[in-house]
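**Q** Please find one structure pasted underneath; my questions will follow.
The values are calculated or read from the model by the stated rules, or taken from the named source; none is laboratory data. Predicted, not measured: the structure shown is a model, and the values here were computed from it. Glycine also receives a Cβ, built like all others from the backbone with ideal geometry; neighbour counts cover every protein chain displayed. Protein only, heavy atoms only, side chains kept; ligands, DNA and RNA dropped before computing areas. Shrake-Rupley method; radii C 1.70, N 1.55, O 1.52, S 1.80 Å.
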Amino acid sequence: MSKSDDYDNELVQLQLALIAMQKKAIKDGWKILAVFEGRDAAGKDGTISRIVEHLSKRATTVVALPKPTDREASEWYFQRYVEYLPACGEAVLFNRSWYNRAGVERVMDFSTPKQQEQFLRDVPAFERMLVENDTRYVKFWLDISREEQAKRLKARREDPLKAFKTSDLDRVAEEKWDDYTKARDEMLMRTHSDVAPWICVRADHKKAARLNVIRWLLHAAGDKKIAKGVAKPDPEVIFSFEPSALEDGRLAR
């Protein structure tokens, strides 16, 4: 059996477990919230697609918000995100989220240093409120190497079927690699907490990243019946953030 067959077979089994988890979530009124952040081309779209592929369309929402309108830009920063938070029995996955303020907005000067500092100060309290109000919350940081990012962005530009995945910011992502690294480091250090830890994913290998994110979600559900037969997440691929990861090679520099 090839590695591709191994991947396909495990993915099907994990997706069946996700269906079982969602059935329980609907029955028991779980509020599930997942945030996916990471480098450009780190594989957020593909990972989210595999997670939601066979889930209930009514009970599952993927949120990828566009640039804010002038009115939204004048609101309390978290306001337009709150509208999409899950109610009982629902799962919401953010493909980029309020953490734009700590990443692209900082690097591209789309917000002021004062606004960025206020965000970093406020977001731990915001997330604590979510968790203390019974939201099952997890946030993933998908990390890739500089070389892998360049390869994926080049492939995007050359594939007409990926026209909607390319943007002017792609080129900037490569040019401002070091700025994004600095922003990532500060964001992880200041917004990782016991109630809302960052789960870091080494995503140079897309298939391994996808499988391990789903494994993590299933084990994090805390239900032995759901997790039965599901391999444990590979710590070489996925792990809860700790400061040493910024220096020991686990996160790309």
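**Q** What is the Cα coordinate range of the stretch 25-68 on the first, second and third principal axes, sorted by size from largest, in whole angstrom?
**A** In descending order, the Cα extents are 36, 25, 15 Å.
**Q** Holding the Cα-Cα limit at 20 Å, pick out from K67/K151; K44/K225; K57/K162; K44/K154 the pairs that are longer than that.
**A** K67/K151; K44/K225; K57/K162
**Q** Test of the criteria: in the stretch 13-112, which trypsin sites (Lys or Arg not before Pro) are in a DSSP loop and have at most 12 other Cβ atoms within 10 angstrom of their Cβ?
**A** K57, R58
**Q** Given the convex hull over the Cα atoms of the stretch 101-187, what projected area results after averaging over all orientations, in nm²?
**A** Computing the convex hull of the Cα atoms and averaging its projections yields 7.1 nm².
**Q** Counting each pair of different Cα atoms once, what's the Kirkwood radius of the stretch 148-195 in Å, rounded to one decimal?
**A** 12.5 Å
**Q** Over the chain, calculate the relative contact order: mean separation of alpha carbon pairs under 8 Å at least 6 apart, over the residue count, as a percent. Please report the intermediate quantities before stating the final value.
**A** Numbers: 327 pairs, mean separation 64.0, N = 253.
It comes to 25 percent, rounded to a whole number.
**Q** I would also like to ask the following. Roughly how many nanometres apart are two label points built 7 Å out from the Cα toward the Cβ at K176 and R128?
**A** Label at K176, label at R128, 3.1 nm between them.
**Q** To continue, here is another question. Roughly how compact is the stretch 125-242, stated as its Cα Rg over 2.2 N^0.38 Å to two decimals? Working shown, then result.
**A** Details: Rg = 16.8 Å, N = 118, 2.2 N^0.38 = 13.5 Å.
Against the compact-globule rule of thumb, the ratio is 1.25.
**Q** Provide, for q = 0.16 Å⁻¹, the log10 of I(q)/I(0) from a solvent-free Debye sum over equal Cα point scatterers in the chain.
**A** For the requested q values the scattering log ratios are -1.35.
**Q** Given a 1.4 Å probe, how much area per residue of the stretch 27-123 is accessible, in Å²?
**A** Dividing the accessible area of the stretch 27-123 by its residue count gives 51 Å².
**Q** Kirkwood Rh, the stretch 1-95, all Cα pairs: how many Å?
**A** Values: mean 1/r = 0.0659 Å⁻¹.
The Cα-based Kirkwood calculation yields 15.2 Å.
**Q** Just to be sure I understand: with springs between alpha-carbon atoms less than 10 Å apart, which residue in D234, D204, D70 has the highest mean-square fluctuation in the Gaussian network model of the chain?
**A** Evaluated over the chain, the most mobile residue of the options is D70.
**Q** Please give the per residue accessible area of the stretch 195-253, computed with a probe of 1.4 Å over protein heavy atoms only, in Å².
**A** So the stretch 195-253 comes to 51 Å² accessible per residue, rounded to a whole number.
**Q** Mind listing the Cα extents of the stretch 56-128 along all three principal axes, in Å, largest one first?
**A** 40, 26, 21
**Q** Ignoring ligands, DNA and RNA, what percent of the accessible area of the chain is carbon or sulfur (1.4 Å)?
**A** 52 percent
**Q** Between R190 and E53, what is the label-to-label distance in nm when each label sits 7 Å out along the Cα-to-Cβ direction?
**A** That separation, rounded to one decimal, is 3.9 nm.
**Q** Here is a follow-up. Kindly point out which whole DSSP H helices in the chain project their C-alpha atoms 20 angstrom or further along the helix axis while averaging a Kyte-Doolittle hydropathy of -1.0 or above. Mind showing how you got there, number by number?
**A** Numbers: long enough: 3-28 (37 Å, -0.52); 113-132 (29 Å, -0.77); 177-191 (21 Å, -1.41); 206-220 (21 Å, 0.07).
Result, helices passing both filters: 3-28, 113-132, 206-220.
**Q** Run the helix sum for the chain: -39,500 (n - 2.57) per DSSP H stretch of 4+ residues, divided by residue count, reported at 222 nm to the nearest 500 deg cm²/dmol.
**A** -15000 deg cm²/dmol
**Q** Expected output is a single nm value to one decimal: the length gained when fully extending between D45 and R157, i.e. 0.36 nm times separation in residues minus the C-alpha distance. What is it?
**A** Numbers: separation 112, 0.36 × 112 = 40.32 nm, distance 1.64 nm.
Gain on stretching D45 to R157: 38.7 nm.
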